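Heads up: the structure comes next, in structure tokens.
Only the coordinates and a few stated rules stand behind these numbers; no lab work does. Computed from a predicted structure; not experimentally measured. Note: ideal-geometry Cβ built from the backbone for every residue, glycine included; neighbour counts use all protein chains shown.
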Amino acid sequence: MHLTVSIEDIENSKDKTLNCKFDDVIEGINSKGPLNAELTLKSLGDFIEVTGHISGTVVLECDLCLKEFEYNLDFDVDEMFAKYALMEDYGQETELKEGQFVTDLNGDDKIDIYDLLYQSVILNLPNKKVCGINCNGDKFLKEEDLSDPRMDVFKNIQIEKG
């Protein structure tokens, strides 16, 4: 599925601003129900600014116990797209000022909103996915669980305090 917005539609809209709503699942993201996004696309001359908000619930796997848990998404989007090639010497993304990146559309006449939403969700997932503060995912390290003979070497380690 691809949800795209034409730059021409943005340019021809009132105040060169277009509102876009998304209420669906995103392929490749395990969500509990639809993800919701309300975006505003505004033409700023050579740039298109996309701002808005994304919310919903995704299902993640705990890095400690490997059980699935629900994680609530609730974050803002602020992206900038260059309509024309910024500079031939640079790649597809260029940093204008600290923390702000511009995606170069290379003359493409559409913005792929679906891809923007996918990337935004992925980048806003936690680095360490833990189901809760009381997760006992470390139980496999307890001494009674060290039945693997290769682990015998760790049972009698003496640590010097110095």
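How far, in nm, would the chain grow between N134 and I29 when pulled straight, counting 0.36 nm per residue and subtracting the alpha carbon separation?
Computed gain between N134 and I29 is 35.2 nm.
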How much length would be gained if the chain were fully extended between H53 and N127, taking 0.36 nm per residue of separation minus their Cα-Cα distance, in nm to one decimal? 24.6 nm
If you take every residue apart from E61 with its C-beta less than 13 Å away from the C-beta of E61, what net charge results, scoring Lys and Arg +1 and Asp and Glu -1? 0
